[in-house]
Amino acid sequence: KIAEIRARQVFDSRSNPTVEVDVILQSGAMGRAIVPSGASTGIYEALELRDQDPSRYMGKSVFQAVTNVKDILAPQLIGMDASDQRALDNRMILLDGTENKSRLGANAILGISMAAAKACANQLKMPLYRYLGGAQAHLLPMPMIQIIGGGLHADSVIDLQDFLVIPVGAGSFSQAMEMTYNVYNATKKVYHEHNLDISVSDEGGFWPRFSSNEQAMQILTQGIQYANYIPGQDVAIALDVASSHFYKDQKYHFAAENKEMTTEEFVDILESWVDKYPIISMEDCCAEDDWSGWELVSNRLGQRIQLIGDDLFTTNIQRIQKGVELGVCNSVLIKMNQIGTLTETLDAIEETKKAGYLPVVSARSGETEDTTMVDLCLATNAGQIKVGSIARSERLAKYNELLRIEEELGESGIFARREVFKNILS
Ligand code: PGA
Ligand code: ZN
């Protein structure tokens, strides 16, 4: 039973305030969770409550969300059985009473939701993934790792947000990390050859001042070769187009290239990239409301590559169902704070799998040392994870935890190799 709930404002990796919650059980066991925060957020996400007071933290403080945990939610939850996660989460959803958790804040609610699960796992002296997933939890995910950052995470130097690699040739999680390390460092040589300066983006990838989106793909492909891997066979490319953020007035806009495209023209370009580069996965190809654009992309590319909906689905079961009915995408990005409770996230993953779509459990661009998303990935045998780059400690906290879990599972752990894509790719 829950004895006490504490909350405070702490900082995330972009130095922005965020919510930390401690849930303490009557036994004394405690769970602590920190809520992450996105920058390129979808409009259908649950609401992250910020104080909007310009005199404090430029409007970004979360003191109200912290107060909501302590004064509104905690008194209603103390005495509840923390192991009944669904009842706990439902109680919070009802107390909030809005469609998008805008009264109490998804950051307040999710903090409690995650911390309660952790307290139960700690009480049972179990890893969180084992507590949530039971004996079945055994699948180490194929990672999708950012090498180059762009879009809203890198001063919009280029329009696309993430240029990532998927080390499809890896035989284990640790080997996948080693291959990614090699590519990350080999691309540095390519930047130098092109006289491109490098700085580090929000998720740890580099963001040279490329002349075009396509130049980033060329350089990444070259980086894979410089690391002595065969592009596509050993290491493939994934893109997060994050196109909602450059879709205006029914047109897609590449600001850096001064280009404006209709949906058809834009999809032609995406397809030409898939023809030219070893791309195996693309996220948010079309904007969050451009369902007909998504149908077009899915018809053209749905058999060739993984098509992930992030802003499109926002981990929301109704939106996932709509996508499945229309036959758009074949994969869903899963972010707990897009929906605001652990239970709804688990339901979204189940719905995704039921439809034969692939779940990709993802971090946010604003992260912390909290590694709950890793446990979620393991617990549900999701098979893929997206954390950002292989630099910055809020990212490495997740990868390092995965390395520990790989060791802990030993023989009983299975790495999701290239086969993770077999159901969607012909
Ligand atoms: P965000 O970016 O956390 O800023 O939304 C991550 C993503 O778009 O996948
Ligand atoms: Zn995304």
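For the chain, what % of the accessible area comes from carbon and sulfur atoms, probe 1.4 Å? Mind showing how you got there, number by number?
Details: 7520 of 16260 Å².
C and S fraction of accessible area: 46 percent.
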Requested in this report: Could you check which residue among ASP310, ASP268, ASP96 shows the biggest mean-square fluctuation in a GNM of the chain with a 10 Å Cα cutoff?
Outcome: ASP268
Report summary line: Packing-ranked peptide list from 98-104, 334-340, highest mean Cβ count within 10 angstrom first, is 334-340, 98-104
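Please pull out the direction-averaged projected area of the range 62-194, using the convex hull of its alpha-carbon atoms, in nm² to one decimal place. Walk me through the intermediate numbers first.
On the way: hull surface 50.1 nm².
Answer in nm², one decimal: 12.5.
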Report task. Please give the peptides 377-390, 146-159 ranked by average Cβ packing (other Cβ atoms within 10 Å per residue), highest first, as a rough proxy for protection. Result -> 377-390, 146-159
**Report entry** Of THR315, THR262, THR343, the one that fluctuates the most in a GNM where the chain has Cα springs shorter than 10 Å
**Finding:** THR262
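When the Kirkwood hydrodynamic radius is evaluated over all pairs of different C-alpha atoms of the chain, what value in angstrom, to one decimal, is obtained? It would help to have the intermediate numbers written out before the result.
On the way: mean 1/r = 0.0461 Å⁻¹.
Result for the chain, one decimal place: 21.7 Å.
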Query - Debye-sum result for the range 195-275 in log10 I(q)/I(0), which assumes one identical scatterer on each alpha carbon, at q = 0.10, 0.11, 0.15, 0.21 Å⁻¹ - result: -0.30, -0.36, -0.67, -1.17
Query raised in the report: From the square roots a ≥ b ≥ c of the eigenvalues of the alpha-carbon gyration tensor of the range 182-224, which class results: rounded (a/c under 1.5), prolate (a/b over b/c), or oblate?
Result: rounded
Report summary line: Mean separation of Cα contacts under 8 Å (at least 6 apart) over the residue count of the chain, i.e. the relative contact order in percent, is 20 percent
Requested in this report: Could you provide, to the nearest whole Å², the per residue accessible area of the chain with probe 1.4 Å?
Outcome: 38 Å²
Report summary line: Kirkwood calc, the range 235-366, C-alpha pairs only, radius in angstrom 15.0 Å
Query raised in the report: Convex hull volume of the Cα atoms in the range 1-72, per residue, in Å³?
Result: 107 Å³
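Can you give the helix-only mean residue ellipticity at 222 nm for the chain, where every DSSP H stretch with n ≥ 4 adds -39500 (n - 2.57) and the sum goes over all residues, rounded to the nearest 500 deg cm²/dmol?
-11000 deg cm²/dmol
In whole percent, what relative contact order does the range 93-199 give with Cα contacts below 8 Å and a gap of six or more residues? Display every interim value, and only then the final one.
On the way: 77 pairs, mean separation 15.0, N = 107.
Relative contact order of the range 93-199: 14 percent.
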Report task. Taking H placed 1.01 Å from N in the peptide plane, check which residues at least 5 places from HIS138 or on another chain put their amide H under 5 Å from its amide H. Result -> ASN381
Requested in this report: Run through all the Cα pairs of the range 32-83 and give the fraction in each 10 Å bin from 0, expressed as whole percent.
Outcome: 19, 42, 30, 9, 0
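Consider all pairwise Cα distances in the range 289-380 and report the whole-number % of them above 14 Å.
Numbers: 2597 of 4186 pairs.
So the pairs more than 14 Å apart make up 62 percent of the total in the range 289-380.
If eta is 0.692 mPa s and T is 37 °C, what Stokes-Einstein diffusion coefficient results for the range 314-426, Kirkwood Rh from Cα pairs, in µm²/s?
After rounding, the answer is 222 µm²/s.
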Report task. Taking 7 Å along the Cα-to-C-beta vector as the label spot, tell me the GLU264-ARG404 distance in nanometres, rounded to one decimal. Result -> 5.5 nm
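The values are calculated or read from the model by the stated rules, or taken from the named source; none is laboratory data. All values derive from a computational prediction rather than experimental measurement. We place every Cβ from the backbone using ideal geometry, glycine too, and count neighbours over all the protein chains shown. All accessible areas refer to the heavy atoms of the entire protein, side chains included, with ligands and DNA or RNA removed. Shrake-Rupley method; radii C 1.70, N 1.55, O 1.52, S 1.80 Å.
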